[in-house]
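One structure is given here, and the rest of the page talks about it.
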Amino acid sequence: MRATVMYGAGDVRVERVPDARLVEPTDAVVAVTRACICGSDLWPYQSMDRSETGRRMGHEFIGTVEDVGAEVRTVKKGDHVVAPFAWSDGTCEFCRQGLQTSCIHGGFWGGEIDGGQGEAVRVPLADGTLVPLPVGPDHALLPSLLTLSDVMGTGHHAARAAKVGPGKIVAVVGDGAVGLCGVVASRRLGAERIILLGRHADRIALAREFGATEIVSARGEAGIERVLELTGGLGAHSVLECVGHGASTETALRIARPGGAVGRVGVPQEPAIPAATPTFFRNVTIAGGPAPARAYIEELLPDVLEGRIQPGRVFDRVTDLDGVPDGYRAMNAREAIKVMVAF
Ligand SMILES: [Zn+2]
């Protein structure tokens, strides 16, 4: 089969790799129908050290079950399924708490094993991991369903961690696909105002359609001052940090009001959390981490199927597998918000 392999910064190739196949009786093999490129795939695209063996890429996919192991019970051959960005058994202490990204037996796609940006994937622990979809591979809702693999669940996780709810003033730091899904999630959870911190015109326009009420395009101290101005000097109740840089994290922490909460879902690119002293004296809650997307699929699925949310609008470019390397280039150059791969 063919799949995407990254060999170093800027070096993404589509190559022949061993076919995905059943190894354990709890596995399934899924033929991918839709996948996508993630903002977090751009971190290695910008900085990965050269590797002789390469690293398989992609952690977001929808596909058709081609084969299941003898112990698989909840999915069968022919089912159309969505996979979250981590696999999990669904039965351990952390899965039962709804924190499947900490599954004791779980793991993450790509690296030395199959990734989503390929023709097929061996799915470990298929019963705990895969969720059957009530729609087939040509359905118009596939882009929005695909966001349940990661970005919509991640935006929702940021909103939950930041305690978004009715009457709250929310600030979303970052206008990438996750930030935009954070706007969708905040509106869905009843936020009264949603301030987006971002500076790309196309993304801002979509954020407004998703429910952002105010936009702050200034960065650093000027951006912080502007959010404080917009909130009567108090700051936001709930802040969603959807980037992961030190500067964006500092902004997020400093615009949270006393007693407020910051939900961090941008993968931290620096070892320390900034603004320790001011957040301490303001009793700001700092929460978040990798979203248990598996837990949120069932919660968000009805809203997608019934058209109440349309997070799939973050995809502004579609390619086939051969176009994946150029998709990385386009996202890295900010020519595309998020690239979908159709097989
Ligand atoms: Zn588990």
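Here are the numbers:
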quantity: Selection from region 93-114 of residues that are farther than 18 Å from E298 by Cα, among the aliphatic types (A, V, I, L, M) and within 11 Å of the ligand (Cβ to nearest atom); calculated: I104
quantity: Region 73-92, residues that are surrounded by 21 or more Cβ atoms within 10 Å (Cβ to Cβ) and either of a type in the set (D, E) or within 16 Å of the ligand (Cβ to nearest atom) (or both); calculated: A83, P84, F85, A86, W87, S88
quantity: Residues located in region 295-343, provided they are open to solvent by 10 Å² or more (accessible area, probe 1.4 Å) and among the aromatic types (F, W, Y); calculated: Y296, F315, F343
quantity: Qualifying residue in region 216-226 (condition: within 17 Å of V164 (Cβ to Cβ) and surrounded by 14 or more Cβ atoms within 10 Å (Cβ to Cβ)); calculated: no
quantity: Qualifying residue in region 112-132 (condition: at positive phi, at pLDDT 95 or above and not aromatic (F, W, Y)); calculated: yes
quantity: Hey, R203 of a type outside the set (F, W, Y), open to solvent by 50 Å² or more (accessible area, probe 1.4 Å), assigned to a helix (DSSP H, G or I) and at pLDDT 95 or above or not; calculated: no
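Every residue, every condition in (1) in a helix (DSSP H, G or I); (2) touching a helix residue (DSSP H, G or I) at 6+ places or on another chain (Cβ under 7 Å); (3) crowded, with 24+ Cβ neighbours inside 10 Å, yes or no:
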residue: P137; (1), (2), (3): no, no, no
residue: P143; (1), (2), (3): yes, yes, no
residue: T147; (1), (2), (3): yes, yes, yes
residue: M152; (1), (2), (3): yes, yes, yes
residue: G155; (1), (2), (3): yes, yes, yes
residue: G165; (1), (2), (3): no, no, no
residue: A171; (1), (2), (3): no, yes, yes
residue: A185; (1), (2), (3): yes, yes, yes
residue: A191; (1), (2), (3): no, no, yes
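The values are calculated or read from the model by the stated rules, or taken from the named source; none is laboratory data. Just so we're clear, the structure is a prediction, and the values are computed from it rather than from any experiment. Counting neighbours? That spans all protein chains shown, and the Cβs are built from the backbone with ideal geometry, glycine included. Keep in mind that these areas ignore ligands, DNA and RNA; they rest on the heavy atoms of the full protein, side chains included. Shrake-Rupley method; radii C 1.70, N 1.55, O 1.52, S 1.80 Å.
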